[in-house]
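Worksheet for the structure shown next.
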Amino acid sequence: MKQQNLHEDGFTGIEAAIVLIAFITVGSVFTYVMLGAGFFTTQVSQKTANAGVQGATSNVILVGDILGLSSDPFNDIHTIRFNVGLSAGATPVKFTSSQIIISTEGSLESLEYPPGGGDKGNWSYTSRNGNTDDVLSANEIWTIDAKPKGGIPPGTEFTLEVKPPGGASFNIRRTAPRGLDPVTILY
């Protein structure tokens, strides 16, 4: 009879234990990586949701009528005047960093906000409550005067796009009527 080698049985048990420990270690590392990726994805989703809420709550809204001002009623509208405020619960906006673009069928013009400006090709604001900190806050209404370089001739459809920083932009689409008054309500 052949005598069994007892050393091989012990060695097989140690091999099995090492393989088991390796599987547990690999499984633990894999679980750690998967949990880390899940936490990272959750954090990115939370940042995205917070940015969306902030953008939605910093909306600037139109308040009242849009007026077309004309010094020569037979010529063109030289100033578009409208009022803006913040929607309920909105965060204050540094509105002077906004971009205002006016477009007609044949032109596209970006109006500038220069400090102390008010000439053609620019826009300016007047705060109804006398606040001059350049920040549109809750319960404030600003009157905006947008002055395109070429004016808007009677019968011309135009779009005025207001892009406040960090919030949703809004469009004002109107048509200058054929008969202009010095102050015309634009529909």
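The values are calculated or read from the model by the stated rules, or taken from the named source; none is laboratory data. These figures come from a predicted structure and were not determined experimentally. Please note: Cβ atoms are built from the backbone with ideal geometry, for glycine as well, and neighbour counts cover all protein chains shown.
Only one of the numbered conditions (1) in a loop (DSSP other than H, G, I, E, B); (2) touching a residue at least 40 places away in the same chain (Cβ under 8 Å) is not met by residue 143, and that is (1). Assessment of segment 127-149 against the conditions (under 16 Å from residue 161 (Cβ atoms) and of a type in the set (Val, Ile, Thr)) yields at least one matching residue. Which one is surrounded by the most Cβ atoms within 10 Å (Cβ to Cβ) among residues in segment 89-139 that are in contact (Cβ under 8 Å) with a residue 60 or more places away in the chain and assigned to a helix (DSSP H, G or I)? Among those residues, the one meeting the criterion is 95.
Restricting 89, 130, 38, 64 to those that are over 22 Å from residue 185 (Cβ atoms), modelled with pLDDT of 85 or more and not basic (Lys, Arg) reduces the list to 38. Here residue 71 meets each of (1) modelled with pLDDT of 90 or more; (2) among the small types (Gly, Ala, Ser); (3) in a loop (DSSP other than H, G, I, E, B) with one exception, condition (1). Cβ-Cβ contacts under 6 Å between residues 6 or more apart (or on different chains), taken from a first residue in segment 71-88 that is of a type outside the set (A, V, I, L, M) to a second residue that is exposed (fewer than 14 other Cβ atoms within 10 Å of the Cβ) and in a loop (DSSP other than H, G, I, E, B), are listed as 73/181.
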